[in-house]
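The values are calculated or read from the model by the stated rules, or taken from the named source; none is laboratory data. A quick note: this is a predicted structure, and the numbers were derived from the prediction, not measured. Every residue, glycine among them, receives a Cβ derived from its backbone with ideal geometry; neighbour counts consider all protein chains shown. Areas reflect the complete protein model, heavy atoms only, side chains present, ligands, DNA and RNA absent. Shrake-Rupley method; radii C 1.70, N 1.55, O 1.52, S 1.80 Å.
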Amino acid sequence: MSGVVIVGAGLTGLSAAYHLAAVGVLTRLVEALKVPGGACRTIEKDGFSFDLTGHLLHLRLAESRTLLQRLGVWESLRRQRRRAGIALGGRVTPYPLQIHTHRLPPEVRRDCVLGFVRAAMSPQAQGEEEGSFAAWVLSRFGEGFARHFFFPYNEKLYCTPAAELTTEWVGRYVPRPRLEEVIDGAFGLHRGAVGYNATFYYPRRGGIRLLADALAARVPQLELSAPVTGVDLARRRLTLAAGQTLEWDTLVWTAPLTSLTSLAADLPGELAAAAGALRAVAVLNLNLGVKGSPPRREHWLYIPEPQYPFYRVGFPSNHGEVAPTGCHTVSVEMSVPAGAPAPPGFEELCLAGLESLGLLRRRQDVVLTAMARLDPAYVVFDRPRTRAVATLRSGLRRYGVLLAGRWAEWKYSTMEDALWDGAAVARRLSP
Ligand SMILES: Cc1cc2nc3c(=O)[nH]c(=O)nc-3n(C[C@H](O)[C@H](O)[C@H](O)COP(=O)(O)OP(=O)(O)OC[C@H]3O[C@@H](n4cnc5c(N)ncnc54)[C@H](O)[C@@H]3O)c2cc1C
């Protein structure tokens with residue numbers, strides 16, 4: 001029997017199945033893992049709940065609240081004001097750095113402010129065509145912010161030189177203050193919240209899996225532990241690990257695009273070439289359960305300096321009840337190119353880095369560790385990406401394949417976006 005087959009029970013696939021069921025379209029939803037949720041799942045261990053790195057809900061759309069109410073999770077969420085910082089030059093200053101240089105060492109502050117003023121005064125700053133993320137940063141923020149934060153942070157996160165990155169992803173994610181705000185920030189005078197993540201929602205208790213679990217409970221025909229191991233595009237047929245085959249009229253693919261292209265034995269050469277151009281990084285996530293109170297009150301810290309292997313450290317127990325009484329949690333994130341192994345001694349590197357930053361008081365307080373890997377985690381926005389994704393999207397469409405979600409569409413997006421990506425699939429396939 002053919003019909004709509006959805007691959008992947010992360011938020012996008014779950015939302016697609018949920019919204020399709022609401023308009024009477026029955027689907028088969030197959031998921032490789034034994035639990036739903038994809039990147040939005042939570043590891044439970046000895047009373048600790050560890051998300052796969054910080055997963056906080058940033059809601060832009062009023063409809064999202066209605067959807068969360070319908071799913072019965074709204075009442076379990078708590079709205080919080082971001083407490084985020086940047087560890088730089090032996091100090092921690094609030095995020096975003098652009099309006100909080102006052103806590104930095106004076107010479108770093110001077111570099112940042114002077115660079116910003118010079119960039120603002122440059123005729124090039126107005127409406128110029130930027131070739132790369134590096135050029136965009138230099139023209140918008142100047143040399144000091146670039147050198148102390150934007151370049152080292154993003155190069156660490158994307159494992160890619162800033163000159164090779166494009167600006168397609170910066171949109172709502174990089175706050176762009178006015179000169180007055182930067183000057184205020186240098187004197188500690190800037191007040192008020194800035195950026196897409198100035199506030200967020202998070203479950204009062206337990207982890208972010210609450211969201212995926214609520215959807216999964218309302219989705220008919222969810223098949224867990226059912227990894228797709230082969231795709232025959234011409235016959236519109238996929239094979240599951242157990243040997244079962246499924247045929248589709250429409251295949252909604254929400255797993256990574258690169259896994260589809262490597263599973264499709266009959267992928268045309270043009271599409272294989274496009275797939276070869278896609279780059280991403282994986283995130284290695286070391287989670288710690290630690291005795292005692294947290295060393296800081298921030299929800300997370302950005303770590304741009306190259307001497308530390310990780311780019312971000314979170315303290316999830318500062319925003320949710322995710323640890324037993326008398327303990328806290330720490331989440332460390334480090335990028336490597338997609339598919340690459342963790343560096344030798346990864347855990348030791350992380351612990352040493354945390355100690356040197358004052359984020360772990362005593363090793364013997366660590367009562368538990370849990371490792372997770374997100375691969376791919378961040379797609380690399382480089383010049384070949386846009387054309388490669390467009391080629392793949394239209395080429396796969398000829399075989400009845402719809403790409404939906406962060407990694408299927410090879411983009412940067414949030415959990416809220418995933419919920420609406422799934423709903424958009426349902427709108428498209430509604431009878
Ligand atoms: C480090 C990091 C931090 C993030 N933080 C936030 C945040 O704070 N806030 C926020 O809103 N968003 C955050 N996100 C983004 C968020 O995780 C995603 O937007 C969202 O989870 C995407 O859901 P998805 O369903 O599209 O993909 P996924 O969750 O990846 O779902 C795809 C599913 O496909 C399954 N699958 C893969 N291969 C196969 C196969 N062969 N057969 C069957 N099934 C398969 C996978 O197991 C998975 O369950 C973060 C992402 C990362 C990487």
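The gain in end-to-end length when the Arg176 to Val35 segment is fully stretched comes to 46.8 nm, 0.36 nm per residue minus the alpha carbon separation. For the chain, the membrane-span-like helices by this rule, meaning whole DSSP H stretches whose C-alpha atoms cover at least 18 Å of axis and whose Kyte-Doolittle mean is -1.0 or above, are 106-121, 383-397, 415-429; this says nothing about an actual membrane. Between Leu189 and Glu44, the distance separating the two model label sites (each 7 Å from Cα on the Cα→Cβ line) works out to 5.2 nm.
Count Lys and Arg as plus one, Asp and Glu as minus one, and take only other residues whose Cβ is under 15 Å from that of Val113; the net charge is then +1.
Across region 107-237, the volume of the C-alpha convex hull divided among the residues equals 227 Å³ per residue. When the Cα convex hull of the chain is projected onto planes of every orientation, the mean area is 21.3 nm². All other residues whose Cβ lies under 14 angstrom from that of Gly144 are scored, Lys and Arg at +1 and Asp and Glu at -1, for a net of +2. The apolar share of the surface of the chain, taken as the fraction of accessible area on carbon and sulfur atoms (1.4 Å probe, ligands and nucleic acids excluded), comes to 52 percent. Subtracting the Cα-Cα distance of Glu164 and Gln221 from their residue separation scaled by 0.36 nm leaves 16.2 nm.
Distance between the 7 Å Cα→Cβ label points at Ala277 and Lys291: 5.6 nm. In this structure the chain gives 42 Å² per residue of accessible area when probed at 1.4 Å with all protein chains present. For region 415-429 versus region 256-279, the inter-centroid distance based on Cα atoms is 24 Å.
Extension gain, Arg205-Arg60: 0.36 nm per intervening residue step, less the Cα-Cα distance, totals 49.9 nm. The charge dipole of the chain, taken about its Cα centre with unit charges on the Cβ atoms of Lys, Arg (+1), Asp and Glu (-1) only, comes to about 900 debye.
For Glu348 and Val23, a Förster radius of 45 Å and the Cβ-Cβ distance give a FRET efficiency of 0.30, rounded to the nearest 0.05.
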